[in-house]
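Here is the structure we will look at, set down as C-alpha cells.
Only the coordinates and a few stated rules stand behind these numbers; no lab work does. This is a predicted model, so every value here is computed, not measured. Counting neighbours? That spans all protein chains shown, and the Cβs are built from the backbone with ideal geometry, glycine included.
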Amino acid sequence: MLPGKSVIVLMAVATACALLASTAVTAVVATGGGPESCCGGAAGGAEPVGSPSPSARPSSSRPAGPSICLVGSWRSVDETFMVKFYTNQPEMRFTGSGREFEFRPDGTIVERQKDFVITTVFQGRELRMVGNGSIEYRWAADDKAVTYSKRGNSSLTWAYYDQRGLINTELVTGDTDYTEVDEYTCEGKRVVENGKTGYRSVWERTSAFGVYG
C-alpha cells in the first residue's frame with residue numbers, strides 16, 4: 001500500500017446438474033472456486049429402505065473472507081516509491097523502511113508512521129520525506145491481490161526536505177472514494193507487495209496485533 005497516497009472480491013461458485021433423458025450421464029458445470037458434488041443418490045438405482053431423503057444443499061455463492069495470512073501486524077523492511085517531489089520534475093524513486101500496519105479480521109487496516117523516512121538523490125543532493133501519524137483504510141483480498149479503499153481517520157503528515165531544509169508539509173486527508181489494488185504474496189511471516197506505478201514493499205510479521213497465517 002502506498003504511504004498515505006496510495007475488492008471486495010466476490011468468489012462466485014455455481015454448479016448445475018442435468019440427467020439426460022436416455023442416459024445416466026451427469027454433467028457438472030462449475031466456475032470460480034472449483035466443482036462441487038452434484039445430484040445426491042446413485043444414478044439409476046433405488047435408495048435403500050429407511051435411508052434419509054437427500055436434503056437441498058445451501059448455496060455456496062458468498063463473499064470471500066479476508067486473507068487469513070494478511071491478518072495481523074507487519075513492519076516494512078524494504079520499500080520503493082515513485083514520488084513527484086518537485087512540480088517541475090518527473091517522479092523520482094524513493095526508498096525506505098519502517099512503516100507499521102495492522103490488518104484486522106473485520107476488514108479494517110491501520111497504518112502507522114513514526115519518523116518514517118524515505119530518501120533519494122537528485123543532482124547530487126539528498127531529498128528526504130518524513131512521515132508521522134496514522135491513517136485507516138478498508139481492505140479485502142483474494143490469493144493474488146489486496147484492495148484498499150475508503151481512506152479515513154487520518155492524522156498522517158509528510159514533511160519534505162531538500163538542501164535548503166524543510167520546504168513543505170502535507171496532511172493526508174480522508175477520501176471515501178479512494179481505491180488501490182496491489183498484487184501480493186504472503187508466506188506466513190513475510191509479505192511482498194507490488195503496485196502498478198513502480199511501488200514495491202516487503203514486510204515482516206510482528207507480534208503487535210495477533211499472529212495469524
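Computed quantities for the displayed model
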quantity	calculated
Ordering of 195-204, 97-106 by packing [mean C-beta count within 10 Å, highest first]	97-106, 195-204
Peptides 147-157, 119-129 ordered by average Cβ neighbours within 10 Å, highest first	147-157, 119-129
Distance (nanometres) between label positions extended 7 Å along Cα→Cβ at residue 187 and residue 84	3.6 nm
The stretch 72-211: C-alpha gyration tensor shape, a/c 1.5 cut-off, then a/b vs b/c	prolate
Full-extension gain in nm, residue 196 to residue 93, via 0.36 nm per residue minus C-alpha separation	35.7 nm
